[in-house]
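Below is one structure, written out as structure tokens; comments come after it.
Taken together, the values in this text are just the output of simple stated rules run on the coordinates, not laboratory data. Worth saying up front: this structure is predicted, and the values here are computed from it rather than measured.
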Ligand code: SF4
Ligand code: SF4
């Protein structure tokens, strides 16, 4: 199990989760070179210790507590979280490609303000 960041992070990306994560498993951080170019942040599934601290810190409810609890509309982003590796351009690019494809195929969700997107996941 690991926590999963989903699409309300797109357009928000405020790093509040990074600030509370005790094991530094959320990337890119603001001080990493990939930060400005990435669409959202990602949780490394092998490093996440399932502490739950990031969930209440997120202002837009983008973080689910497991792949199993991640809504159907967000399932492809589980893989994006899993693939992303800071400092590896190929893996960063792969993760971002998944996110871009998600955005293209979910114009409905992208048309909703980030703060309202999590509520729309269940519909
Ligand atoms: S659940 Fe805990 S360890 Fe995992 S990403 Fe969130 S804050 Fe970090
Ligand atoms: S707190 Fe939420 S919106 Fe902010 S960077 Fe983390 S996942 Fe994205």
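Using all C-alpha to C-alpha distances in segment 46-91, build P(r) with 10 Å bins and read off the rounded percent in each one.
Answer for segment 46-91: a P(r) of 22, 51, 27, 0 percent.
What base-10 log of the normalised intensity I(q)/I(0) is obtained for segment 4-121 from the Debye formula, alpha carbons as equal point scatterers, at q = 0.10, 0.21, 0.22 Å⁻¹?
Rounded to two decimals, the profile gives -0.25, -1.23, -1.37.
Would you mind telling me which residue in 53, 107, 80 has the biggest mean-square fluctuation in a Gaussian network model of the chain, where springs connect alpha carbons within a distance under 10 angstrom?
107
Residue separation times 0.36 nm, minus the C-alpha to C-alpha distance between residue 14 and residue 31: what's the value? List each step's numbers first, then the result.
Details: separation 17, 0.36 × 17 = 6.12 nm, distance 1.29 nm.
That pair, residue 14 and residue 31, stretches by 4.8 nm at full extension.
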